[in-house]
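Shown next, in structure tokens, is the structure this report addresses.
The values are calculated or read from the model by the stated rules, or taken from the named source; none is laboratory data. From a predicted model like this one, the values you see are computed outputs, not experimental measurements. Here the Cβ positions follow ideal geometry from the backbone for every residue, glycine too, while neighbour counts run over all protein chains shown.
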């Protein structure tokens, strides 16, 4: 009859290490834990009920995988992980921040080592390996974002496809069909930021659907004055009468100042809408610019609810996708035609 010593021998570890893997009393490495579980499966060994119960005890800790990257917007980074940690604290959980860019091995280390009850993924890229490998964590996993491959984790995000449609439809309904899109940071597009690509694809799709001209300006110029001049030149070249902006509000402020200096007015000559540039912005409010902002508060509440329920109810949430409608704050920078 197979016993714990056979498992230890096959896994190449001590009997006490196998015992810790079952009970969770001490952390062990993810690779060691996986060797033990492989041996258990091959031998058909069943741990005793007491060990399984100890292993199943919640640690009341969740792991936040939020990669630190060069050039990232630190304010936006903090908005998400601080709000999510706050939501988990309200639900009785502490948070463990993991900052590796790849992140998979770190996540496995804390989940398979029984240090965390679940995982939330932040700063999602289109082909996010953390989401693709989520089935290997053996714990509930929720992404704040919508990666291309998301069958193994749950996803909570704004509906950026819908945001693009709303932006184009508002412009078209205002009679603005010569549009320029001021793209967000170049580094976000180089690393294929998930929500950036979804929004861009939607804008292109709906502009084509409504036979609107759609031109794009990248955001690779450090000097705001140079960038504003570049935008103004593009507007003249394309006779643009609508701007959809993904750039930071402070940069858009410089662009709008240059537009005003050229003698053009908003919204009479040029309609302007900001999309996914920031959380609700006091700068845009002061400029009377309509916006569809990022909403980390509502996304983190929804992600925390889903993850906590999955942990406490032992639910499989893999593959679930919940998209929130974008919030449109109208400030008359896109005229309404009766």
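Things worth noting here:
- With respect to the conditions (1) part of a helix (DSSP H, G or I); (2) in contact with a helix residue (DSSP H, G or I) (Cβ under 6 Å, 6 or more places away or on another chain); (3) closer than 26 Å to residue 73 by Cα, residue 168 lacks only one, and its number is (3).
- Of residues in region 229-247 being surrounded by 22 or more Cβ atoms within 10 Å (Cβ to Cβ) and without any contact (Cβ under 8 Å) to a residue 60 or more places away in the chain, the one farthest from residue 280 (Cα to Cα): 235
- Residue 250 vs. criteria under 23 Å from residue 166 (Cα atoms) and either surrounded by fewer than 23 Cβ atoms within 10 Å (Cβ to Cβ) or in contact with a strand residue (DSSP E or B) (Cβ under 8 Å, 6 or more places away or on another chain) (or both): no
- Applying the criterion of being in a loop (DSSP other than H, G, I, E, B) and modelled with pLDDT under 80 to the residues of region 4-28, the residue that is nearest to residue 58 (Cα to Cα) is 24.
- Filtered by the rule that a residue be within 17 Å of residue 277 (Cα to Cα), in a helix (DSSP H, G or I) and within 28 Å of the chain's Cα centre (by Cα), region 198-229 gives 198, 199, 200, 201, 202, 203, 224, 227.
- Scanning region 177-197 for residues that are in contact with a helix residue (DSSP H, G or I) (Cβ under 7 Å, 6 or more places away or on another chain) and outside any strand (DSSP E or B) yields 188, 189, 195, 196.
- Region 207-228 residues that are in contact (Cβ under 8 Å) with a residue 40 or more places away in the chain, paired with ones that are surrounded by 13 or more Cβ atoms within 10 Å (Cβ to Cβ) and assigned to a loop (DSSP other than H, G, I, E, B) (beta carbon under 7 Å, 6 or more apart): 212/177
- Near pairs, Cβ below 8 angstrom, 6+ apart or cross-chain, from region 180-192 (without any contact (Cβ under 8 Å) to a residue 40 or more places away in the chain) to any residue that is part of a strand (DSSP E or B) and crowded, with 16+ Cβ neighbours inside 10 Å: 186/219; 189/183
- The set of residues in region 120-142 that are closer than 26 Å to residue 76 by Cβ, free of Cβ contacts under 8 Å to residues at least 60 places away in the same chain and outside any loop (DSSP other than H, G, I, E, B) comprises 121, 129, 131, 132, 137.
- Answer residue from region 269-283, given it is modelled with pLDDT of 95 or more and either part of a loop (DSSP other than H, G, I, E, B) or over 25 Å from residue 172 (Cβ atoms) (or both) and is nearest to the chain's Cα centre (by Cα) among those: 270
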